[in-house]
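Okay, structure first, notes after.
Since every read-out is calculated from the coordinates, none of them should be taken as a lab result. The structure presented is a predicted model; accordingly, all values stated were derived computationally and were not measured. Neighbour counts are summed over all protein chains in view; Cβ atoms, including those assigned to glycine, are modelled from backbone coordinates with ideal geometry.
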Amino acid sequence: METYHSLKQLQLGLKQNKYSLKSVVEHYLKQIEEQKHLNVFLDVYANEALAEAENLQKKLIAGKPLGKLFGLVIGIKDVLVQKGYQVRSASKILEGFESQFTGTAVQRLIDEDAIIIGVENCDEFAMGSSNENSAFGPTLNAADNSKVPGGSSGASAVAVQAGLCMASLGTDTGGSVRQPAAFCGVVGIKPTYSRVSRYGLIAFASSFDCIGVFSKNVEDNAQILEVIAGHDEFDSTVSNESVPAYSKDLQLSKKLKIAYLKETLENEALQTEIKEATVAKLDWLRSQGHQVVEVTFPHLDYLLPTYYILTTAEASSNLSRFDGVRYGYRAPEAHNMESMYKLSRSQGFGEEVKRRIMLGTFVLSASYYDAYYTKAQKVRRIIRDETRKMLAKYDFIVLPTTPTTAFPLGANRDNPAEMYLEDVFTVQANVTGVPAISIPNGVDAKNLPIGLQIMTDVFKESELYAFADYLMKS
Ligand code: GLN
């Protein structure tokens, strides 16, 4: 099979009989095998994917109508459930658990003739920025195997980066699609909160969690989001807003008003090369006749505390269901009910997850509820209002995706506070619910990918994709 460039090109090749879908799947299975050291897939559905390829090929030969994602070979983060398959959230606590239903986003992929090739590693319960918090070992960055791929959807990004599949579904609660996309040099979107149904997504922080898409280019990304987005009777929080044909509408139709945040470019932690690459893009936009304006956002310092108070609170509540009774792991030496809960949870969860459950339980406890949880809710509202006000004035906010490029494995492992700083530029979109995308923006001196992030107002994914495509082709 020729190297994959886009879904459109793949579908054309299939229709012209240049290659069979089976040979396409075989190609990816071979890549997965050859690059096993990256530790991307926790399960590979080799037989199922090959059988599906043959089914779909028959459909093509018979001249039957083909799904929008016909032939797309896609990987799924290990937090999205599928009927009859194991799902683990990269945790020991779900050991042996099999789902009894398939989540909406995954079902919609299947219904549009995509082929699920396997389940991708991630940080345990999607908590982390490096993919090192997995009970199944870290995933390696394909650009440099001594570096992390980012997290928590690190493996979903590497799968696309290393050509192990064409696209991936990940999740983004605080940056978990955009940050690994930046570290791995691929495209990653976090749509508007409520754009995609969360039915079948193992919850981390329910008022933040979004399913997102990784791909090599903007058009594929748009096409996949178009399929998975939209109303769903199984998730009462999902929006009824209609889903535009994102991929058909990638043209920019006007000169833009673009804001960049002074505090992001002046941030002390920002690596010089990332600053330079971001400024260069802004200068280029100016040279093309767009209005580029510096704005101040004094709330930047409040983003991370707000995010970490609210998400740990929600996580402590969401994860209480993993108790040794209903799902997966139960400590074998438990001798009564209390010890079953305690031992199963102590042994089943990893360090970072336990840290967050304890933090979240603390901020929700009677004497601290108002001081932390209620206050953080109020700050969230202020940040959201200020951000939305800015987005009413400007078409887009442009900022770096991350303060640094991919860091060495182990560098932040024992320093959670340092690890949390990784999310400084990504959490704003989650705290406020607006959509944001990360696109590749060159490399640093060590050849490590740099990401550029674009935010826009809610439900403006069409505009976001059009602008991202324009920038990627510049
Ligand atoms: N790195 C962030 C965290 O650890 C984001 C996680 C996510 O988006 N799932 O919370």
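Report Rg(Cα)/(2.2 N^0.38 Å) for region 224-292, keeping two decimals. Please list the in-between numbers first.
Working: Rg = 18.2 Å, N = 69, 2.2 N^0.38 = 11.0 Å.
Cα Rg divided by the expected 2.2 N^0.38 Å: 1.65.
Taking all pairs of distinct Cα atoms, average 1/r, flip it, and tell me the Kirkwood hydrodynamic radius of region 262-337 in Å to one decimal place.
Result for region 262-337, one decimal place: 17.3 Å.
Can you give the helix-only mean residue ellipticity at 222 nm for the chain, where every DSSP H stretch with n ≥ 4 adds -39500 (n - 2.57) and the sum goes over all residues, rounded to the nearest 500 deg cm²/dmol? Don't skip to the answer; put the middle values down first.
Working: 16 runs with 181 residues, N = 474.
The per-residue figure over the chain is -11500 deg cm²/dmol.
Pairwise over distinct Cα atoms, reciprocal of the mean inverse distance: report the Kirkwood radius of region 250-406 in Å, one decimal place. Working shown, then result.
Numbers: mean 1/r = 0.0519 Å⁻¹.
Kirkwood hydrodynamic radius for region 250-406: 19.3 Å.
Within region 332-388, report the GluC sites (Glu not before Pro) that DSSP leaves as loop and that have at most 14 other Cβ atoms within 10 Å. List each step's numbers first, then the result.
Details: sites: Glu333, Glu338, Glu351, Glu352, Glu386; in loops: Glu333.
Passing both the DSSP loop test and the Cβ count: Glu333.
For region 435-474, just the Cα set please: Rg and Dmax, both in angstrom.
Reported Rg and Dmax, both Å: 11.6, 37.
In region 1-133, what percentage of the DSSP-assigned beta bridges are antiparallel, given to the nearest 5? Intermediate results must be reported in sequence, preceding the final value.
Details: 4 of 10 bridges.
The antiparallel proportion sits near 40 percent.
If I model a spin label at Glu34 and Phe101 as a point 7 Å from the Cα along the Cα→Cβ vector, what separation in nanometres do I get?
That separation, rounded to one decimal, is 4.1 nm.
Between Asp283 and Ser367, what is 0.36 nm times their sequence separation minus the Cα-Cα distance? Round to one decimal in nm. Present the calculation step by step, with values, prior to reporting the outcome.
On the way: separation 84, 0.36 × 84 = 30.24 nm, distance 5.07 nm.
Contour length minus Cα-Cα distance gives 25.2 nm.
What Kirkwood radius, in Å to one decimal, follows from the Cα pairs of region 1-88?
Working: mean 1/r = 0.0701 Å⁻¹.
Radius from the Kirkwood sum: 14.3 Å.
Could you give me the percent of Cα pairs per 20 Å distance bin for the chain, shortest bin first, beginning at zero and ending with the bin that holds the maximum distance?
Final binned percentages: 26, 59, 15, 0.
For region 1-42, which GluC sites (Glu not before Pro) pass both filters: DSSP loop (anything but H, G, I, E, B) and at most 15 other C-beta atoms within 10 Å?
Values: sites: Glu2, Glu26, Glu33, Glu34; in loops: Glu2.
Loop-located and lightly packed - Glu2.
Run through the DSSP bridge list for the chain and note the antiparallel percent, rounded to the nearest 5. Please list the in-between numbers first.
On the way: 30 of 47 bridges.
Among the beta bridges of the chain, antiparallel pairing accounts for roughly 65 percent.
Output needed: percent of Cα pairs per 10 Å distance bin for region 1-158, bins running from 0 to the one holding the longest distance.
11, 37, 34, 16, 2
What FRET efficiency comes out for Lys22 versus Ser146 if R0 is 45 angstrom and r is the Cβ-Cβ distance? Round to the nearest 0.05.
Numbers: r = 36 Å, r/R0 = 0.80.
Calculated transfer efficiency: 0.80.
What is the calculated FRET efficiency for Ser346 to Arg388, with r their C-beta to C-beta distance and R₀ = 60 Å, to the nearest 0.05? Please list the in-between numbers first.
Values: r = 42 Å, r/R0 = 0.70.
It comes out at approximately 0.90.
How big, on average over all directions, is the shadow cast by the Cα convex hull of region 209-338, in nm²?
Working: hull surface 56.5 nm².
So the mean shadow area of the Cα hull is 14.1 nm².
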